[in-house]
Amino acid sequence: MKLLFGLLSPAMEKSGFACGEAALDTYLQKLASQDMKRGFATVIVARTETDPKKIIGYYTLSAASVLLDNVPEEMARNMPRYPNIPAVRLGRLAVASGMQGQHIGSLLVLDALRRSCLNELAWALFLVDAKNERVAAFYEKFLFQRFADNTLHLWMHRKQAENLITQIPA
């Protein structure tokens, strides 16, 4: 099955999306388009070639920052002394219930990293917010590291993201 990744558009079927988390379903169905129009999030959807209007997964990206004081000391030593470190945040990620267990979530994460690395926007950290420990463990498989002050917030340095996506065939 070949997947297509692209921006959410009005032609896509949002109403039937269900992932098992009501908040993620409601976000896509009612709020995602508004967030895109207002510039609060970029919503990327996954679809199949055979049914390009049906959304089988999605994620959101937005600009963010992290206080330099929250970055691990060994990494902060090599950063400029600005109070905030520029970042990209993967805010939401969901896979339709019928498609779970097929590594689509992993492909969504990798697409998010690839898009972010190819973007001309300057950023040093890629952030994710895990809903629970199971989700945090999922992100750790990609070598995300937990922040000491909140273990459900994880990060990856841009260099790590670039190294990771160069190992994936195009």
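So here's what we get for this one:
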| item | result |
| --- | --- |
| Counted residues, the stretch 10-28 - those being touching a Ser or Thr at 6+ places or on another chain (Cβ under 9 Å) and either of a type in the set (D, E, K, R) or surrounded by 15 or more Cβ atoms within 10 Å (Cβ to Cβ) (or both) | 4 |
| Exclusive hit being under 27 Å from Q145 (Cα atoms) and surrounded by fewer than 13 Cβ atoms within 10 Å (Cβ to Cβ), set R92, R77 | R77 |
| Condition check for R38: at pLDDT 95 or above, among the charged types (D, E, K, R), closer than 26 Å to N84 by Cβ and out of contact with any Pro (no Cβ under 8 Å at 6 or more places or on another chain) | yes |
| Condition check for W123: more than 14 Å from the chain's Cα centre (by Cα), buried (at least 18 other Cβ atoms within 10 Å of the Cβ) and either modelled with pLDDT under 95 or not in a helix (DSSP H, G or I) (or both) | yes |
| Of residues in the stretch 131-170 being closer than 13 Å to V109 by Cα and assigned to a loop (DSSP other than H, G, I, E, B), the one modelled with the lowest pLDDT | I168 |
| When residues of the stretch 47-70 are limited to those that are surrounded by fewer than 20 Cβ atoms within 10 Å (Cβ to Cβ) and among the β-branched types (V, I, T), the one nearest to A124 (Cα to Cα) | V66 |
| Exclusive hit being touching a residue at least 40 places away in the same chain (Cβ under 8 Å), in a strand (DSSP E or B), over 15 Å from the mean Cα position of the chain (by Cα) and surrounded by 18 or more Cβ atoms within 10 Å (Cβ to Cβ), set I44, I85 | I85 |
| Residue in the stretch 28-35 that is over 24 Å from V135 (Cβ atoms) and modelled with pLDDT of 95 or more present | yes |
| Near pairs, Cβ below 9 angstrom, 6+ apart or cross-chain, from the stretch 115-127 (under 20 Å from E140 (Cα atoms)) to any residue that is among the basic types (K, R) and in a strand (DSSP E or B) | F126/R89; L127/R89 |
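The values are calculated or read from the model by the stated rules, or taken from the named source; none is laboratory data. Please read these numbers as outputs of a predicted model, since none were measured by experiment. With ideal geometry, Cβ positions are generated from the backbone for all residues, glycine too; neighbour counts draw on all protein chains shown.
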